[in-house]
1. Confirm whether residue 158 is under 18 Å from residue 98 (Cα atoms) and of a type in the set (Phe, Trp, Tyr).
2. Say whether the condition of being part of a strand (DSSP E or B) and more than 21 Å from residue 244 (Cα to Cα) is met by at least one residue in the stretch 106-119.
3. Mind listing whichever residues of the stretch 221-271 are surrounded by fewer than 16 Cβ atoms within 10 Å (Cβ to Cβ), modelled with pLDDT under 95 and of a type in the set (Gly, Ala, Ser)?
4. Please work out if residue 213 is over 19 Å from the mean Cα position of the chain (by Cα) and without any contact (Cβ under 8 Å) to a residue 24 or more places away in the chain.
5. Being among the hydroxyl-bearing types (Ser, Thr, Tyr), part of a helix (DSSP H, G or I) and surrounded by fewer than 17 Cβ atoms within 10 Å (Cβ to Cβ) narrows it down to one of 89, 68, so name that one.
6. So residue 125 clears everything in (1) modelled with pLDDT of 95 or more; (2) part of a loop (DSSP other than H, G, I, E, B); (3) crowded, with 20+ Cβ neighbours inside 10 Å except one condition, right? Which one?
7. For the stretch 153-167, does any single residue satisfy the condition of being part of a loop (DSSP other than H, G, I, E, B), free of Cβ contacts under 8 Å to residues at least 12 places away in the same chain and more than 13 Å from the chain's Cα centre (by Cα)?
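The values are calculated or read from the model by the stated rules, or taken from the named source; none is laboratory data. All figures in this text were calculated on a predicted structure; none of them were measured in a lab. Heads up, the Cβs are rebuilt from the backbone with ideal geometry, glycines too, and the neighbour counts pull from every protein chain shown.
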Amino acid sequence: MGSDLKTRQFYPPQLPDSEQHLYKETSDTRLHLYIYKPEGWTSQDNRPAIVFYFGGGWVGGSPSHFLSQAQHYADLGLVTILADYRVASRNKTKVKHCLEDARDAMRYVRVNANHLGINPNRVASSGGSAGGHLATCLGVITDHLEEVSSIPNAMVLFNPVCVLVPVEGVELSSWNLEKMEQRTGLPPKELSPAHHVKSGNPPCIIFHGTEDKTVTFATAQKFCQLMNQAGNDCKLYPFEGRDHGFFNFNHREDQNGDYYQTLKLTDEFLKKLGWIDLN
């Protein structure tokens with residue numbers, strides 16, 4: 001079953017085949033993880049996992065966004081997790097709160113790794129657009145103390161927001177800068193992944209359309225350049241002529257070429273890490 005556009009927008013998400021875990025309660029909401037386990041799973045397993053964060057500009061969106069990808073990787077033997085987090089339209093939150101939730105979701109997975117049959121040292125973060133921003137922040141903004149680490153072991157990023165304030169070689173419009181100031185709840189530089197890259201960040205792959213009008217391709221190029229200059233393993237796959245969200249599953253099978261290509265490249269990335277066997 002794929003997640004078409006209508007399904008990706010449902011909130012609360014309609015994911016009847018998932019196992020729901022309450023990972024966080026706030027004064028106004030309860031946040032869940034929607035977990036998919038592979039065939040033959042047992043709690044004694046030691047499987048890799050991927051935590052997916054949905055897109056939506058930190059304003060809206062639904063955990064069902066990455067349902068198709070989650071099902072694909074569960075079929076390949078991983079435990080896959082669709083994470084909910086607070087957004088402005090529902091919870092009047094800022095980006096800093098989104099990141100707090102993203103970290104808490106990752107920590108929940110690690111704390112409960114034994115019950116979930118997960119190897120806590122093989123947990124990837126993944127997401128698209130604003131969710132890609134959160135997945136990236138987990139990997140590179142690491143100057144905070146935590147008893148259980150929220151730093152992923154790998155990152156799979158779909159047109160992620162990696163640059164929130166100007167960086168050498170990348171211009172941002174005054175409109176974008178003003179919007180970021182309003183949305184973040186912190187000085188935007190504190191939440192700008194490109195400004196926090198350092199040696200030892202997790203390996204990652206990035207998929208980005210060269211004609212993305214929402215998150216410019218140049219920002220992904222700059223982030224990947226900074227990652228590689230710091231000695232990290234980062235690979236950017238440009239999708240020529242594609243705009244924002246090109247990677248999403250579509251109910252029209254003849255429009256899923258890019259979706260399947262991102263799966264193929266992610267399969268190869270996870271195989272290279274030793275997380276899956278494609279034979």
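1. Values: under 18 Å from residue 98 (Cα atoms): yes; of a type in the set (Phe, Trp, Tyr): yes.
Against the criterion (under 18 Å from residue 98 (Cα atoms) and of a type in the set (Phe, Trp, Tyr)), residue 158 qualifies.
2. Just the residues of the stretch 106-119 that are part of a strand (DSSP E or B), to begin with: 118-119.
Now restrict to residues that are more than 21 Å from residue 244 (Cα to Cα): 118-119.
Yes: the stretch 106-119 contains one or more residues that are part of a strand (DSSP E or B) and more than 21 Å from residue 244 (Cα to Cα).
3. 257
4. Numbers: over 19 Å from the mean Cα position of the chain (by Cα): yes; without any contact (Cβ under 8 Å) to a residue 24 or more places away in the chain: no.
Spelling it out, it is not the case that residue 213 is over 19 Å from the mean Cα position of the chain (by Cα) and without any contact (Cβ under 8 Å) to a residue 24 or more places away in the chain.
5. Details: 68 fails: surrounded by fewer than 17 Cβ atoms within 10 Å (Cβ to Cβ).
Step by step, each of 89, 68 is checked, and only 89 is among the hydroxyl-bearing types (Ser, Thr, Tyr), part of a helix (DSSP H, G or I) and surrounded by fewer than 17 Cβ atoms within 10 Å (Cβ to Cβ).
6. (2)
7. Looking through the stretch 153-167, at least one residue is part of a loop (DSSP other than H, G, I, E, B), free of Cβ contacts under 8 Å to residues at least 12 places away in the same chain and more than 13 Å from the chain's Cα centre (by Cα).
Residue by residue, here is whether (1) in a loop (DSSP other than H, G, I, E, B); (2) among the aromatic types (Phe, Trp, Tyr) holds:
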site: 194; (1), (2): no, no
site: 201; (1), (2): yes, no
site: 206; (1), (2): no, no
site: 223; (1), (2): no, yes
site: 270; (1), (2): no, no
site: 277; (1), (2): yes, no
